Every structure is written in structure tokens, then in C-alpha cells.
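Throughout, read-outs are computed from the coordinates displayed, never taken from laboratory work. Bear in mind that the values here come from a model prediction, so they are computed numbers and not experimental data. Cβ atoms come from the backbone with ideal geometry, glycine included; neighbour counts cover every protein chain shown.
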Amino acid sequence: MYKVEALTKSYGEGSAYNEVIKDVNFTINSGEYFLIIGPSGSGKSTLLYLLAGLETPSRGSVHVRGQDIKFFDQNTMATFHRINIGIVYQSFHLLPSFTILENVAFPLVLQGLRTKKREERAMEVLQRFGIDALADHLPSQVSGGQQQKAAIARALINMPPILLIDEPTGNLDTKSSQEVMDIIEMLHKQGGRTIIMVTHNTEFIKYSTRTIHIIDGKVYDKPSDIPSSSSPDLETMNLMEKIKANQDEDIDEFMINPFDKM
Amino acid sequence: MRLIDILRISIKVLQKNFLRTLLTTGGIAVGIGAMIYLVTMGLGLEELTVGSISKSDALLTMDVNPGPNEIKPIDDSTIKTIKSFDGIVGVWPRRTLSAKANLGEKKTDITIIAVSPSFLQLEQTKLVSGRLYHDDDEQSMVVSSGFLKVFGLPTKSTPLVTFKVEFTGVNSVKETVVIDTVNNFSVVGVIEDESAVVGYLPLNYADTLNYDYDNYEKIKVKVDSVKELQKVKEAIVARGFSVVTVVDKVEEVESVFKWIRYILGALGIIAVAVASIGMFNTLTISFLERTKEISIMKTLGATDHDIWRFFMWEALILGLLGGIMGIVVAFFGQQLTMLIMNILAGLVEDGHVVKIFYTPMLVLVEFLVFAMAIAFVTGFYPALRARRLHPLDAIRNE
């Protein structure tokens, strides 16, 4: 589904030159729950935006179903965003002057659907996530967890085959985080959707079908591949330890019941 | 994306910022209102002036005067020639005589104008009392109120007294001499003109006097349609006479009022310019406030064109609302002015209020279009910025 080749993203020139993504290569298959894990500042959000076509690669390419998205014109890219992918952000990014229902239904507005039909569909998704009672509330009137559920609902309203998720629990408390994790897990299991998530939250590793690690703009398949010279700061070290612990735990879980979380 | 949804969202944004919307449209309304007020006043004044000279018959008549330096005098043969043209309804000449009018001991010089009553009708002469004379009346005249004033007679009623009129001329040694005297001249009608001492009498009667006429002073020519007017005019001018038509006068007046309208309009434009800056400011702020929203919409699949349409419609709605409110403002301005004029007219004896505003529907439509055109121009740049905004510009910063 996704093929990323020699992908590099840099900003600035001369002394201000900064390479955020460095010669990254990987593929993501259809139906995978693909996790890109890394500490803050590692370039994981930029990588996700490159996959979403919101950033343009400086070098290399991102192919989706065989097509290099760098060559999409503005309308094709808009259609790609509307139909093929759903994006969920850490800060939810709901439209502040729209109600929860209007927010969820907004992609359908862009599709040109009639008001009644799009509201029916948005309501269905809200019911599924248990926030239909908040349909008429503004985003500022509901909790972070509820906003994130609405944001996921919005990403799903067009039933896109790919969900790109950026740190979904970053702004949530433990309980809400768990609910959001469960929802994403359900979407993967039930819909057979390709989930691509960037996070520093190692809790997600146990749900993913594959995890890669990103440190300083470079990706590594296994934590053991990460060179010790890559100047790990305290956060990175903590994260790497968590990753290791989580993977051991994961393996145990798989051995007990590998289909438990599918 | 459907237009109805774009409009709904644009209205929603405007509603959300109600006070800002109100102030912006208020600014536009004052500007447009001032322009409408001033322009309709210009139109109204023009209508008052032109209307009074361009009614019905007047449009079909022309005044023929002797050629430049009177080289080409108007005589009976001229009348005969003009009458032979196509489309001529009638030709009415005018002579001027000098005379002295006597009433008892009082005596005054008077200008006598000898014309047929049709001539006076074509000139739209208004009587304050009495009637016009008939073509075959003898020893009857219509006088100006100024004439009656000289004799100390009431100026608003037809006097029952008769005057002695001595028609005068100049003899070979340039002395003024009495040529003919008529003892019992009665007044049948009065024209309101305090400043002139004038008497009108039938041309037929004047011709019976023992007066040494040479030529006519001028003639009035009436044609049967406006279409003929220009042709006849050209034919007469070609024969060396000078011709003035009402259309000329109307055009003259119109050209003056055109300038008045321009000046009044220019004053209004200043108001509109100020309002436009306000509107530009509002739309730019609206853009800056909504960069995040625009970014989100773009990441959700809104095209640059969709975003462009959001902003342009928002601007156009502001312009339309401003235009409509401007019409209301102008209407109230007009009513207030008329009210003040009515009060002032009430203070003056016999004061009557003339309608000084003329507001054709087309002008209002033009101003609505104008308001929206301003909106389009002022909305263009903010809309362009919104259109060009990179979807991650606002999101990335968080």
C-alpha cells in the first residue's frame, strides 16, 4: 500500500539547513497496524505529514498504491485527503465554530452530500463512539477525550481505507487514552483498515502489527539497531527502555493468545 | 462543494462575529447610503428642472431666430418655406411692439408682444387669473402682474378697468412718435411676472394696427414627432437661421447636472473608500483569525478553490448586506431631509415643498452591484492569501 523510498525532508538552507527526515525506506502493507515510535523532536510527525501528502519530500518518494503522491495536483491531493485517508491529530484540530456534529460531517460537506444525509451519517458514527449526546456541543464545551473521539469520527466519516494518526493520546488522561486506544484497535480489527500511527506512547506497541523506530530522523526496524552514538537524551533512553520492556511483554502475550487483540 | 453549503458556512462565520459584521456592514452602509443620497439628490434636482421644460408639446417645438447678426431676417416668405416642410404642425410668429399704457393720470411704457394664443400655450405660459385671448379677439390683452403693479392694481385678479394704449415707433429722425392709439383695451388674463411690464395681444389684431412692421422677431415651429425635429431643424439652419430646441436646452441642463452628480458622487466615493478600508481590514482579520480553520479544512480535503469561495462569498455577503443597509440609510436620509424641508416650508407663507430626490430602481440596483463589486475587490487579497495558505502552516506550529 505505502512504499517509502529514500525519503528525505529538510528545511532551510546554508547554515540553517536542517534535515528532519533522513533517507528513510519502508513499506506498509494493506491492513497493517503500523506504528512509528519515537521521542519528541525525532521527526515522527513530519514523517506522518509526508505520508499524508501534507508535506512535500525534499528527496525520495512516497508511493501509495503505486502512485507517487508528490506528483498529485492540488485537486487530486484534495480528493486523496477526502477519500483515501483520514487524519487524526494530537490536538484534535476540530473546527472551533462548528458543533461536534458539523465537525464530523464536514468531510461530507466537501463531498457535496445533502445536509440530511450527511447529518444522518455523522450521527451514526457519533453513536458508535458514544458521543451522540454531544452532537450539538461546540468542541470547547466537551472534554479532550470526547474531542479526540469526534476527531476520529470525522476521520472515519468517509470510510477511508487508511487512517493516519498522530499521537492520539498525547493530550488525554489515562482513562480517555485507553478508550481511544480501544477505538483504534476496534477500527483495525473490524474494518481491516490500514492504521499508521506515530507516537511516543509505548502502550500502543502491543496493538500494532509492526513497529519501526525513529530517532533523529532515521528509522530503525528494531530498537537494537539504534546506534548508541545517536546522542540519546533522557527521554529517548526512557523510551527505548519502555520499548524493550513492552516488546518482551508483547511476545509473552502473543504466546498466550495471538488472536486476542485482532 | 455545493454553493448552498459555502453560503451557509460563510453566514455562520459572519453570525459568529456578529458585532464585527455589523460594524463592517454599517461602514459600507454609511458610504453607500451617502452616495445614494447625494446622487438621488442630483437626479431629483435635474428632474425638477428638466421636467419643467421637457413636457409634451415643448419637446416638439423649436424657436427659430434670425440668423447671426440678423443678416437673415424672418419674414412671411420664411414662414411659407418652413410650412412647406414635412412634418410641420404649425408655425407661429412673434412681433414686439413698443407702447405707452394709460390709466387715468398714470402712464407707463409697456412692451407689447403680438402672438397667437397657441404661441403662449407652447411656451407653457401660466395664468394666475383670467384666460388667454382668442385669435380673433380685438382690444384684449394678457398682461404681466408687474404691469398691474405699476398702476397699483391687485396683481392676482383680472382688473375690470380699460386702458388707453398708444403704440409708438421711431420716425426718420429717430424720434419716438405715437403711431396708433386704441382707447379701450381690456385685460382678459394675468401672467405672474412681477419684474416685467409686458402685454400680450393677438397677432391678427396687431396686424390691423397702423404700424410699420418690417420683420418677425422670432417664430415658433411645432413638428409632429421628435423624429422630425432634427430633420426640420437642420433644414432651417441650412437656410441661415438659428434654431433652439427644447432638446438642446434639456441637454444643456443635463450636462450641468451630470457634473453636479459627479461632484456629489465623488463626495460619496470618499465615504465608500473609508468603508472599503474597514471592510478590507475585517476580511484580513477574519483570515488571520481563521488560518488554523483553513488549514484544517485543507487537510480534510477542501480544495484551494473551496477556500477561495468561502472568503469571496463572505465578502460578497458583507457587500450585499452593506448595500441593502445603505439603501435604508439613504431612504431615512431622504425622509429626514424632506421632513426638515416641510417644517421650514411651513414657516414661510405659501411655501410648498418640491420633491428634491429622484430614486429610480435602476440606481438602487446599480449601487447594490457597486457595493458587491467593492466587496469583491476588498475580499480578493484576503481570499488569495487564504487560498495560498499551506495546510500545515497553522497546524505545524502546535
Inset, instruction - Going by C-beta contacts inside 10 Å, put B:282, A:76, B:299 in order with the fewest on the left. - result: A:76, B:299, B:282
Inset, instruction - List the trypsin sites (Lys or Arg not before Pro) within the range B:155-262 that fall in a DSSP loop (any state other than H, G, I, E or B) and whose Cβ has at most 11 other Cβ atoms within 10 Å. - result: B:156, B:174
Legend entry - Crossing angle, helix B:226-238 versus chain B [Cα axis fit, 0-90 degrees, rounded to tens]: 60
Inset, instruction - Please go through the residue pairs B:107/B:249; A:70/A:218; A:22/A:206 and name each one whose alpha carbons sit more than 30 Å apart in this structure. - result: B:107/B:249
Inset, instruction - Please check chain A for the longest run free of chymotrypsin sites (Phe, Trp or Tyr not before Pro) that are loop-located per DSSP (anything but H, G, I, E, B) and have at most 10 other Cβ atoms within 10 Å. - result: A:18-258
Legend entry - Partner aspartates and glutamates for residue B:222 [C-alpha distance under 13 Å; skip if fewer than 8 residues away on the same chain]: B:57, B:63, B:86, B:123
Legend entry - Cα-based convex hull, the range B:67-240, per residue volume (Å³, whole number): 133
Inset, instruction - Mind pulling the angle between the C-alpha long axis of helix A:144-156 and the longest principal axis of chain A? Nearest 10 degrees, somewhere in 0 to 90. - result: 80
Inset, instruction - At 0.36 nm per residue, minus the direct Cα-Cα distance, what do residue B:262 and residue B:11 gain on full extension? Give it in nm, one decimal, please. - result: 86.8 nm
Inset, instruction - Check cross-link reach from residue B:12 to the lysines: straight Cα distance under 21 Å, and skip same-chain residues fewer than eight apart. - result: A:116, A:117, B:292, B:298
Legend entry - Over chain A, relative contact order from alpha-carbon pairs under 8 Å, at least 6 apart, %: 26
Inset, instruction - Mind telling me which of A:150, A:16, A:133 comes out most flexible in a GNM of chain A, alpha-carbon contacts under 10 Å? - result: A:16
Legend entry - Whole-Å distance, taken between Cα centres, linking the range B:81-130 and the range A:15-53: 103
Inset, instruction - Please order B:207, B:75, A:216 by the number of other Cβ within 10 Å, starting at the fewest. - result: B:207, B:75, A:216
Legend entry - Whole-number D in µm² s⁻¹ for the range B:77-169, Kirkwood Cα-pair radius fed into Stokes-Einstein, 20 °C, 1.002 mPa s: 141
Inset, instruction - Based on alpha-carbon positions alone, could you give the equivalent ellipsoid semi-axes of the protein assembly as shown from the gyration tensor, as √(5λ), descending, whole Å? - result: 97, 24, 19
Inset, instruction - Give me the distance in nm between label points sitting 7 Å out from Cα along the Cα-to-Cβ direction at residue B:84 and residue B:194, one decimal. - result: 5.0
Inset, instruction - Among B:119, B:147, B:18, determine the one that fluctuates most according to a GNM of chain B built with springs between C-alpha atoms less than 10 Å apart. - result: B:18
Inset, instruction - May I ask for the equivalent-ellipsoid semi-axes of the range A:61-106, computed as the square root of five times each C-alpha gyration tensor eigenvalue and listed largest first in whole Å? - result: 27, 12, 9
Legend entry - Principal-axis tilt of helix B:18-53 within chain B, Cα atoms, nearest 10 degrees: 10
Inset, instruction - With only Lys, Arg, Asp and Glu charged, each at its Cβ (+1 for the first two, -1 for the last two), find how big the charge dipole of the range B:67-240 is about the Cα centre; round to the nearest 20 debye. - result: 420
Inset, instruction - Within 10 Å of each residue's Cβ, count the other Cβ atoms and sort B:361, A:186 from fewest upward. - result: B:361, A:186
Inset, instruction - Counting only C-alpha contacts under 8 Å and six or more residues apart, can you give the relative contact order of chain B as a whole percent? - result: 29
Inset, instruction - Please report the base-10 log of the normalised intensity I(q)/I(0) for the range A:2-256, using a Debye sum with one equal scatterer per alpha carbon and no solvent, at each q in 0.07, 0.08, 0.16 (1/Å). - result: -0.25, -0.32, -1.24
